[in-house]
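> One structure, pasted below without further comment.
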Amino acid sequence: DKDMYRVINAFVDLHDADHEYAEGDIFPRDGIRVSEKRIQELSGKKNRRGIPLIEKIMEEPAQKQEET
C-alpha cells in the first residue's frame, strides 16, 4: 500500500518527461514510480519553485453511515 499525494501547486515534473500536474491532481500519476527523495523535494521547499508542491493525502477511516 503506497502513499498517495495531492498536488497543491501546479507544476511540470522535470523528472517525468515534463508531465504537467494541475492543482488537485494525484501524484504520482499511474505507472510512475517516484523515489522517497523526490517526494521529499516536492513536498518541501527544496525544489526549483521553493514551495511545497504536493501534500500527503491522509486516509480517513471509513465511517459507517447509519440509516434512520
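The values are calculated or read from the model by the stated rules, or taken from the named source; none is laboratory data. These numbers were taken from a predicted model, which means no experiment stands behind them. Please note: Cβ atoms are built from the backbone with ideal geometry, for glycine as well, and neighbour counts cover all protein chains shown. Note: accessible area is taken over every heavy atom of the protein model, side chains too, but ligands, DNA and RNA are not part of it. Shrake-Rupley method; radii C 1.70, N 1.55, O 1.52, S 1.80 Å.
> Using only Cα atoms, locate the centre of segment 3-17 and the centre of segment 27-49, then give the distance between them in Å, rounded to an integer.
6 Å
> With r as the distance between the Cβ atoms of R48 and M4 and R0 = 25 Å, compute the FRET efficiency 1/(1 + (r/R0)^6) and round to 0.05.
On the way: r = 23 Å, r/R0 = 0.93.
Efficiency computed from Cβ-Cβ geometry: 0.60.
> Let me ask you something else. Would you calculate a helix-derived [θ] at 222 nm for the chain, using -39,500 (n - 2.57) for each DSSP H run of n ≥ 4 and dividing by the full residue count, to the nearest 500? Provide the component values of the computation, followed by the final result.
Working: 1 runs with 8 residues, N = 68.
It comes out at -3000 deg cm²/dmol, rounded to the nearest 500.
> Report the local net charge at P52: Lys and Arg +1, Asp and Glu -1, summed over other residues whose C-beta lies under 14 Å from its C-beta.
That works out to +4.
> Ignoring ligands and nucleic acids, what accessible area does V12 show with a 1.4 Å probe (Å², nearest 10)?
V12 exposes around 70 Å² with every protein chain in place.
> Still on this structure, please answer the following. When ligands, DNA and RNA are left out and all protein chains stay put, how many square angstrom of accessible area per residue does the chain have with a 1.4 Å probe?
Working: 5820 Å² over 68 residues.
On a per-residue basis, 86 Å².
> Where nothing but the Cβ of Lys and Arg (+1) and of Asp and Glu (-1) is charged, how large is the charge dipole of the chain around its Cα centre, in debye to the nearest 20? Before the final figure, lay out each step's value.
Working: 12 positive and 16 negative charges, 107 e Å.
So the magnitude is around 520 debye.
> Let me check I've understood the local charge: for D25, count other residues with C-beta under 11 angstrom from its C-beta, Lys and Arg +1, Asp and Glu -1. What total comes out?
Working: positive: R6, R29; negative: D13, E20, E23.
That works out to -1.
> Stokes-Einstein D for the chain at 4 °C, 1.567 mPa s, Kirkwood Rh over Cα pairs, in µm²/s?
Details: Rh = 13.1 Å.
This corresponds to a translational diffusion coefficient of 99 µm²/s.
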